[in-house]
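Every number here is computed from the coordinates shown, using simple stated rules; none is lab data. Source: prediction; values computed, not measured. Cβ sites come from the backbone with ideal geometry, for glycine too, and all protein chains shown count toward neighbours.
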Amino acid sequence: MEEKLLLIDGNSILNRAFYGLPEMTNSQGLHTNAVLGFLNIMFKFLEEEHPTHLAVAFDLKAPTFRHKMFADYKGTRKGMPDELAEQVPVIKEVLKAMDIPMMMQEGYEADDLLGTMSVIGESQGYEVKIISGDRDLLQLATDKVQIRIPKTKMSGTIVEDYYAADVMEKYQVTPKEFIDVKALMGDASDNIPGIPGIGEKTATKLIKEFHSIENAYEHIEEVKPNRAKNNLQEYYEQGVMSKELAAIKLDCPVEIKLEDAKIQNIYTQEAYQLLKKLEFKSILKRFDGDDPDEFQLETETIHDLIRAEEIFAQAADREQIGISIYEENDRFWAGLSVEGQQIYLLPAEGFITKEFLLDQISRLYVSVESVGMMETKEYLGELKIKEETPSVFDISLAAYLINPLKSTYEYDDIARDYLSLMIPSRKELLDKKKPMAGEDGLTEEGRKILGMEAYVSRTSIVPLSRRLAELGMMDLYRNIEIPTMFALYDMEERGIHVDRQALKDYGDQLIGRIEELQNMIYQEAGEEFNINSPKQLGIVLFEHMKLEGGKKTKTGYSTSVDVLEKIEHLYPIIPMILEYRQLTKLKSTYADGLANFIREDERIHGKFNQTITATGRISSTEPNLQNIPVRMDLGRQIRKVFLPEKGYIFLDADYSQIELRVLAHLSKDEKLIHAYQENQDIHARTASEVFGIPMDQVTSAQRRDAKAVNFGIIYGLSAFGLSQDLKITRKQAQDYIDKYFATYPKVKEYLDREVEKGKTDGFVETMFHRRRPIPELKSKNFAQRNFGERVAMNSPIQGTAADIIKIAMVRVNVKLKEKNMKSRLILQIHDELLIEAWMEELDEVKEILKTEMMHAADLEIPLEIDINTGSSWYEAK
């Protein structure tokens, strides 16, 4: 078997992995994306190449250079981001645990060590492969040394491979001549100065002709063009120095020998334990054998009714239990965790019916102190439990409150974060070949999932409760989030009635206007083209029509909303295009999309999600009913297809300026509080103060501008952003903001205080102690920090408003149910509640809305609501 040496450029591949994978951390907060990406790339090449020998090279620290000027160049490289820097020692620790030798030498770069080792390997008859993202290493290519450069593209990772002949074919020079090309053209990223005025094309042409900088200089009169000749003559010494900088050393005193690089067993127990701490489940699968620490459950499937009754009786005596449920078609299974690692799986079969299981589980909610479960909302109807049941403990909801920035709150996430357990996820266990259940019942994977979900639901109750209490969020969890879960379930079950024919008519109306706009756009452009193609649209607007404001990118001209809105007032075609886009989206998303969600009862039963947004707001999916357009009339008209059933009327209650009122309360600004207490028009009042005119002289345009400032302040809007919104200069916008803060000085103090709190504590919180972590405030990236500052200003305000609407929603829903009214809460849209009210109960429902919404929170100023009725959602809104 031929000996094959695989050399990896550690810093380059780690860097590529860091930028190629999204930011990720383990449960201890350690960044891990670069380490995971590095290992994935390493294993990819190990599987492809089957090398006999392997070594990884790293830069140890800044090298010492022979040339006195070198430090002025390579010594000025930018430092790596903190998130990457913290992963360098981690990957080294992993490689050490895998017994993979690392080459690090003081005074030498990784390139030099790779070059030297490749020469040693080739001289001893090895086939050598070098993995790097750095093209500088192409100078090392020979007939036996191949440079492999992984590149990440939209379709996945592809690899460019270069032997000496490949370098010649691609760059028209030999690998050694490649050094001279780089020396001539320079490289800003590597701080190689090169020779001014000589770019890649000229450098390649010169070296192709003269083969080296020195030879080109000796034939200086033959060098063309004249600019290159003159610059080469003037900067020759700099060029020679650049060549020395660009050249990789091939004779470093490498400390490891080839035999040290022979691959032994890299799947060591030490490596396994380390990768477990890093929580790399996908990598752990590569290790053979059983992990002595691997988590195992003892599972018993119960088929006997008497045995099932015994187990439920045993569970009723416990303080905490965990429940999991899985339903598929007409089949039903329950998982029960009572103590230890014992799991009982109860399939609904024979005398153990689904009704029996649901009844027994419902009884446990009465007798047990805490019943842990995931996605409890999905089973509230079948389990017959009420809002006030104190034993309800939804572990996903608790984990969300503790850290609302996570993307998922699955059983394996919670086990990792709160139980220090590494267990396989649902996604890892299941695929098309391994479903949850088969003809014979639950598959092995299905049994594992149901068991682990029940076990984690029980054992995480205590650590989750402890953490909620430590963060001061137990009241928020018990008194707002759990009751909200019940209200959302009720709204999902009730749904909202839709008129199918009205929806079709609306779609036809859109088609008519879309075709009209299309013809107008063609006429204005003077040609027909695909308006939906950004590339074609960009060419038509900025090349054929020669409109100003075009921004060219790698894929063509940008035709984003931001770009088009800036020139909307200059060219008649732009408003047409913007309207066309809005209407085509309305057509696909609503006119066509909504029809797919109408059930047999002629109602849409959307999903309301409680664990998605970082601010605590509810989100709506399947379909998104919170995102019904309101800015354009044709968009608003979609609400005409939502109708109450016969005998009912829609009642819409909307909080008036709730976020501004929350800002007044939190900032304690006397002037803002006074304006609300006096029931003044807050936008007119702000316009009066900012523009220095009496309130009765404020124009509608000035009030509109003041409104933009009022709401912009809440969202941390900059002078640039405000200038874009109001189409004024940045100086004018800054002047508006300065005057606003001079008018309401305590608002500025409050916002600054929240930003400082975010920087110091790492989070901000709402009036009800909902926390919003802001890791962006510690970023070295200016844009990220800036985003973090806006989040710090906005989250306490938006989050408090979200908490208030949840309290109101819960109270209204409970009151309607307590009074056994026919009227029902059917939608929550940010600051708005929609009731399908029984006509005879209308006045009483109005009073309930006023009472519960206006008294949902005790603020320095009153909460106000606007109530409207209508025979469609459009009329009510």
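Put a dot 7 Å past each Cα toward the Cβ at Lys144 and Val462; how far apart are the dots in nm?
Taking the two extended label points, one gets 6.4 nm.
Multiply the residue gap between Ser282 and Lys671 by 0.36 nm, knock off their C-alpha separation, and tell me the result in nm, one decimal place.
On the way: separation 389, 0.36 × 389 = 140.04 nm, distance 5.81 nm.
Working it through step by step, the gained length comes to 134.2 nm.
At a Förster radius of 45 Å, what calculated FRET efficiency corresponds to the Cβ-Cβ distance of Asn26 and Gln680, to the nearest 0.05?
Efficiency computed from Cβ-Cβ geometry: 0.30.
Points 7 angstrom from Cα along the Cβ direction at Ala85 and Asn265: gap in nanometres?
Here the modelled spin labels are 3.9 nm apart.
Kindly identify region 267-363 as rounded, prolate or oblate by the Cα gyration tensor criterion: order the square roots of the eigenvalues as a ≥ b ≥ c, call it rounded if a/c is under 1.5, otherwise compare a/b with b/c, prolate if a/b is larger, else oblate.
Values: a/c = 3.07, a/b = 2.31, b/c = 1.33.
Here region 267-363 falls in the prolate category.
Work through the residues other than Ser560 whose Cβ is under 11 Å from its Cβ and net out their charges, Lys, Arg +1 and Asp, Glu -1. Intermediate results must be reported in sequence, preceding the final value.
Values: positive: Lys551, Lys566, Arg581; negative: Asp562, Glu565.
Here the count lands on +1.
Output the pairs from Lys354/Lys406; Lys170/Lys249; Lys170/Lys229; Lys377/Lys646 with a Cα-Cα distance over 31 Å in this structure; if there are none, say none.
Correct reply: Lys354/Lys406.
So how many Lys-Lys pairs in region 535-645 land under 27 Å Cα to Cα, not counting same-chain pairs under 8 apart?
Number of lysine pairs found: 22.
Mind ordering 591-597, 394-400 by average Cβ neighbours within 10 Å, highest first? Can you show the working numbers first?
Details: 591-597: 15.6, 394-400: 23.7.
The densest-packed peptide leads the list: 394-400, 591-597.
Helix-only estimate, please: 222 nm mean residue ellipticity of the chain, summing -39500 (n - 2.57) across DSSP H runs of length 4 or more and dividing by its residues, to the nearest 500.
-14000 deg cm²/dmol
State the antiparallel share, in %, of DSSP beta bridges confined to the chain, rounding to the nearest 5.
On the way: 55 of 81 bridges.
Rounded to the nearest five, the antiparallel share is 70 percent.
Go through region 545-630 and name the GluC sites (Glu not before Pro) that are in a DSSP coil and have 12 or fewer other Cβ atoms within 10 Å of their Cβ. It would help to have the intermediate numbers written out before the result.
Values: sites: Glu548, Glu565, Glu568, Glu579, Glu600, Glu602; in loops: Glu548, Glu568, Glu600, Glu602.
Counting only loop positions with at most 12 other Cβ atoms within 10 Å, the GluC sites (Glu not before Pro) in region 545-630 are Glu548, Glu600.
Using Cα positions and a limit of under 13 Å, work out the aspartates and glutamates in reach of Lys434, with same-chain residues fewer than 8 apart set aside.
Filter leaves Glu444, Glu445.
Please report the spacing between the Cα centers of region 95-140 and region 297-348 in Å, no decimals.
So the two Cα centres are separated by 57 Å.
Which aspartates and glutamates have a Cα less than 14 Å from the Cα of Lys707, not counting those fewer than 8 places away in the same chain?
Once the sequence-local aspartates and glutamates are set aside, what remains near Lys707 is Glu659, Asp681, Glu689, Asp725.
So between Ala165 and Lys850, what do we pick up on full extension, going 0.36 nm a residue minus the alpha carbon distance?
Working: separation 685, 0.36 × 685 = 246.60 nm, distance 8.07 nm.
Full-extension gain reported as 238.5 nm.
I need the trypsin sites (Lys or Arg not before Pro) found in region 662-765, filtered to DSSP loop residues with at most 14 other beta carbons within 10 Å of theirs.
Counting only loop positions with at most 14 other Cβ atoms within 10 Å, the trypsin sites (Lys or Arg not before Pro) in region 662-765 are Lys668, Lys727.
Less than 13 Å apart at the alpha-carbon level, and either on another chain or at least 8 residues along: which aspartates and glutamates does that give for Lys757?
Glu749, Glu765, Glu789
Pick the calculated Rg/Rh (Cα atoms, Kirkwood Rh) for this structure from [x] 0.98; [y] 1.13; [z] 1.02?
Matching the structure shown: [z].
Are there trypsin sites (Lys or Arg not before Pro) in region 575-662 that DSSP puts in a loop and that have at most 14 other Cβ atoms within 10 Å, and which ones? Each step should come with its number before you reach the end.
On the way: sites: Arg581, Lys585, Lys587, Arg599, Arg603, Lys607, Arg617, Arg631, Arg636, Arg639, Lys640, Lys646, Arg661; in loops: Arg599, Arg617, Arg631, Lys646.
Counting only loop positions with at most 14 other Cβ atoms within 10 Å, the trypsin sites (Lys or Arg not before Pro) in region 575-662 are Arg599, Arg631, Lys646.
Under the classification rounded if a/c is under 1.5, otherwise prolate if a/b is larger than b/c and oblate if not, where does region 298-470 fall, given a ≥ b ≥ c as square roots of the Cα gyration tensor eigenvalues?
Oblate, since a/c reaches 1.5 and b/c is not below a/b.
Using 7 Å Cα-to-Cβ label points, what is the Lys731/His303 separation (nm, one decimal)?
8.7 nm
Set the Förster distance to 56 Å, then compute FRET efficiency between Val240 and Glu47 from the Cβ-Cβ distance, nearest 0.05.
The formula returns an efficiency of 0.80 here.
Please say if region 89-165 is rounded, prolate or oblate, where rounded means a/c under 1.5 for a ≥ b ≥ c the square roots of the C-alpha gyration tensor eigenvalues, and otherwise the choice is prolate for a/b larger than b/c and oblate otherwise?
Values: a/c = 1.76, a/b = 1.08, b/c = 1.63.
It is oblate, given that a/c is not under 1.5 and a/b is not larger than b/c.
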